[in-house]
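Visitor: Below: one structure in C-alpha cells.
The values are calculated or read from the model by the stated rules, or taken from the named source; none is laboratory data. If you're wondering where the values come from, they're calculated on a predicted model, not measured in any experiment. Here the Cβ positions follow ideal geometry from the backbone for every residue, glycine too, while neighbour counts run over all protein chains shown. The protein model used for the area step is the full one, side chains on, heavy atoms only, and it has no ligands, DNA or RNA in it. Shrake-Rupley method; radii C 1.70, N 1.55, O 1.52, S 1.80 Å.
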Amino acid sequence: MIRLNHVVKAFPSGSLAIKDVSFHVPKGEFLFLTGHSGAGKSTLLKLLYAELRPTSGDVRVGGHLVHSLKGDEIPRLRRRLGIVFQDFRLLEDRTAHENVAFALEVTGARRDTIPARVTRVLTQVGLASKARAYPRELSGGEQQRVAIARALVNDPAILLADEPTGNLDQRATRGVFQLLRDINAGGTVVVMATHDLALVSEVSYRTIEMKDGAVVHDSSQGPAPELP
Ligand SMILES: Nc1ncnc2c1ncn2[C@@H]1O[C@H](COP(=O)(O)OP(=O)(O)O)[C@@H](O)[C@H]1O
Ligand SMILES: [Mg+2]
C-alpha cells in the first residue's frame, strides 16, 4: 500500500529532514512512527500525502508514484487517503455534520447521498448525538473524532495520523486510539506518528523509530536492541 525506496528530503535551508529511508507498509497494517520532536515524522507523512516532494528516491502510495502525479491527480490521491492532525483543523463556523459534509462536497459527491454518509461516519466515531454542535462546543477528544469522521467519509484505504492524541488528555487519548484500532480492524491501513511510548507499548503493532531523519529501528525486522 505504501512503499518508500531510498527517500531523501532536504529543505532549501539545507536541513536534511529525511535521510535514505526505505520501508514497505502492506495491506491491513497498523504502523507507529515514533521518535523525538524533529526526527522527521511529520515530513515523512507529508511526503505520503504529496504535501512535499522527495529530493530523491521514490514514494509510492496505493500503486502511484507520488512525485510524478500532476495537476488534479494530487487531489485525487488525497481523496483516497484520510489525514488527521494534532490540532484537529475543523472549520469553526461549521457544525460537526457540516465539517464532515464539506469533505464530501469538495469531492463532488452526489448531494442527495451526503447526509446519510455523514450520519454513518459520525455514528461510527460515536458522535451522532453531537452532529449539530460547533467545534467550540465539543471537547478536544470529540473534536478529534469529528476530524476522524471527516477523514473516513471518503472511505480511504489509508489513514495517516500525525500526533492525533498530542493535544488530548489520557481519557480522550484512549478513546481516539481505540477508534483508530477499530478503523484498522476494518481493513484500513493506519500510519500514526506519535511520541506517546506508553501507548505504543500497550499493543504489538509494527513500530518504526526515527532519529535525525533516519530509521533507527523497525520492529518488523526484529526486537529493539538491548539498552546498555
Ligand atoms: N518546511 C521546513 N523547512 C525547513 N526545515 C524543516 C521544514 N519542516 C521540517 N523541517 C525540519 O525537518 C526536521 C524534521 O521535522 P519534522 O518532520 O517536523 O519532525 P517531527 O514531526 O518528527 O517532529 C526538523 O529538523 C525540522 O526543523
Ligand atoms: Mg511532527
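Visitor: Would you mind classifying the stretch 140-213 by shape? Square roots of the alpha carbon gyration tensor eigenvalues, ordered a ≥ b ≥ c; an a/c under 1.5 is rounded, otherwise it is prolate if a/b is larger than b/c and oblate if not. Show your work: numbers first, answer last.
Guide: Values: a/c = 1.57, a/b = 1.19, b/c = 1.32.
Since a/c reaches 1.5 but b/c is at least a/b, the shape of the stretch 140-213 is classed as oblate.
Visitor: On full extension of the chain, what length is gained from residue 65 through residue 15, given 0.36 nm per residue of separation minus the C-alpha to C-alpha distance?
Guide: Numbers: separation 50, 0.36 × 50 = 18.00 nm, distance 2.42 nm.
Extending this stretch completely gives an extra 15.6 nm.
Visitor: Count neighbours as other Cβ atoms within 10 Å of each site's Cβ, and list the GluC sites (Glu not before Pro) in the stretch 165-226 that are DSSP loop with at most 11 such neighbours. Could you put the intermediate results ahead of the total?
Guide: On the way: sites: 202, 209, 226; in loops: 226.
Within the stretch 165-226, the qualifying GluC sites (Glu not before Pro) (loop, at most 11 other Cβ atoms within 10 Å) are 226.
Visitor: Could you check the spin-label model distance between residue 109 and residue 94? Points 7 Å from the Cα along Cα→Cβ, value in nm.
Guide: Each label point lies 7 Å from its Cα, and together they span 1.1 nm.
Visitor: Could you please state how large a percent of the accessible area of the stretch 92-155 is carbon and sulfur, counting protein chains only and using a 1.4 Å probe? Numbers along the way, then the final one.
Guide: Working: 1550 of 3220 Å².
Carbon and sulfur atoms account for 48 percent of the accessible area of the stretch 92-155.
Visitor: Could you compute the FRET efficiency for residue 22 and residue 174, with r as their C-beta to C-beta distance and R0 at 35 Å, rounded to 0.05?
Guide: Working: r = 33 Å, r/R0 = 0.95.
According to the calculation, E is roughly 0.60.
Visitor: Return a whole-number percent for the relative contact order of the chain, with Cα pairs under 8 Å and 6 or more residues apart as the contact set. Don't skip to the answer; put the middle values down first.
Guide: Numbers: 410 pairs, mean separation 64.8, N = 228.
Rounded, it is 28 percent for the chain.
Visitor: Quick one: go through the stretch 55-91 and flag any residue whose amide nitrogen is under 15 Å from the point 7 Å out along the Cα-to-Cβ line of residue 185.
Guide: none
Visitor: Then there's this: Report the label-to-label distance for residue 201 and residue 119 in nanometres (one decimal), using points 7 Å from each Cα along the Cα→Cβ vector.
Guide: Distance between the two pseudo-spin positions: 4.5 nm.
Visitor: Suppose R0 equals 41 Å; then what is the FRET efficiency for residue 224 and residue 73 from their Cβ-Cβ distance, rounded to the nearest 0.05?
Guide: Numbers: r = 38 Å, r/R0 = 0.94.
That gives a FRET efficiency of 0.60.
Visitor: A follow-up question, please. To the nearest 20 debye, what is the magnitude of the charge dipole of the chain about its Cα centre, counting +1 on the Cβ of each Lys and Arg and -1 on the Cβ of each Asp and Glu? Present the calculation step by step, with values, prior to reporting the outcome.
Guide: Values: 29 positive and 25 negative charges, 137 e Å.
The dipole magnitude comes to about 660 debye.
Visitor: Would you pull out the residues with amide H under 5 Å of residue 52's amide H, same chain only if 5 or more places away, H placed 1.01 Å from N?
Guide: 47
Visitor: Mind checking which lysines have their C-alpha under 21 Å from residue 19, skipping anything on the same chain fewer than 8 residues away?
Guide: Residue 19 reaches 9, 41, 46, 211.
Visitor: If you take every DSSP beta bridge fully contained in the chain, what fraction is antiparallel? Give it as a percent rounded to 5. Walk me through the numbers on the way to the answer.
Guide: Values: 17 of 35 bridges.
For the chain, the DSSP antiparallel bridge percentage is about 50.
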